[in-house]
Each structure stands twice: as C-alpha cells, then as structure tokens.
1. Considering each residue of segment 112-131, count those that are under 22 Å from the mean Cα position of the chain (by Cα) and exposed (fewer than 11 other Cβ atoms within 10 Å of the Cβ), and give that number.
2. Only one residue in Glu95, Glu82, Glu144, Glu105 is touching a residue at least 40 places away in the same chain (Cβ under 8 Å) and acidic (Asp, Glu), so which one is that?
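Derivation of every value follows stated rules applied to the coordinates shown; laboratory data play no part. Keep in mind it's a predicted model, so treat the numbers as computed, not measured. FYI the Cβ positions are ideal-geometry reconstructions off the backbone, even for glycines, and counts take in every protein chain you see.
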Amino acid sequence: MTKQHESNADADQQLFVRLITANYEHLRRYIYTLLAHEEDTKDVLQEVCVSISRKFSEYDRKRPFMPWACRFAYLKVLKFREQQRPRRTVWLPPEVLEVVARAREEDEPVLAERLAALHKCLGKLPAGDHGLIMARYLEQLPTEQIATQFSMSRRTLFRNLERVRRLLFNCISRSVLLEDHA
C-alpha cells in the first residue's frame, strides 16, 4: 500500500468517524421512529454503522450525509422487520413505513432545531422543575418514586409535569420562531 493510499484511507476513516459521531443521535431517532422499540433500535443502529463503514468509499461527499445514511437505516429496518416477522405480528405495512421514513427524513432539520431549543429551554428551568423533567424523561423513574423523591402526591406530580411541559413547549416555540425571523 502506498503512502498516498494510506493517507486517503486515514482521511476517509476520520471523515467517517466525524460524520457518524455528529449524526449518531439523528440516526438513532430516525430508526426509532420506524421501529418504536429501544432495543430493536440499538441493534439496527449497530448494523447500520457497520454497513455504512463498509460502503463509505461509495459516499458522494458533495451530497448531505444524513439522507445517504437514512437509506441504509431504512433498508436495515426492512430487513430487521422481515427477520422478526414470525415473532411480531403487528407492523406497519411497507407502503406506510416508506411514507413515515420519508416524512422523518424531511422533518429532520426542524426536529434538530427543536431539540437544540429544548436543551436551551431546559437550562432556563428552575432546579426543581428541571429535576422533575430529568427524573421523568431522562432517568425514567417510576411515578411513585418521583412523587416520593419530590415530596408530592401523584396528582400534584402530574399537574407539575404538565405545567413544566407547557413551559418547555412555549419556550421551544418562541425559540424556533425567533430563529426563523433572525
């Protein structure tokens, strides 16, 4: 192998790592949209990353990475569903899955913008409200445990979570609206 060829291979490997790292969560969410099971999503995502690494030399660097990667993911989801057919009886029909996949790909920029706004808005919450959201959605603690941890009844917990979700929704909406007008 020549020095030039090794250098190109190293550059390709570095680019691959950068693109996968930058888009990993986007790919995970895309796959989750199509499968809706976290463990299945993890399995398929691993296969997608391996497939992309094997075919990376075919990637056209003039084009965006995510649509190319999403195509791999979509094909892996179809393969996974086919392999799971005997065990799982309820799947979206392939035509509907294709529509969902395309809509998810088209919505990715908006979803990424809203996710970035969510992170900013979470940072603006008072500590108690932030803790509630983290316990419920990040740590996924059982309701009873959260209520005990925050010394409140289930009813109060649900009211507070609804209030904070509304605050976050409004904050995200304002943030996205401001970005659109900037």
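1. The total comes to 2.
2. On the way: Glu95 fails: touching a residue at least 40 places away in the same chain (Cβ under 8 Å); Glu82 fails: touching a residue at least 40 places away in the same chain (Cβ under 8 Å); Glu144 fails: touching a residue at least 40 places away in the same chain (Cβ under 8 Å).
When all the criteria are applied, what remains is Glu105.
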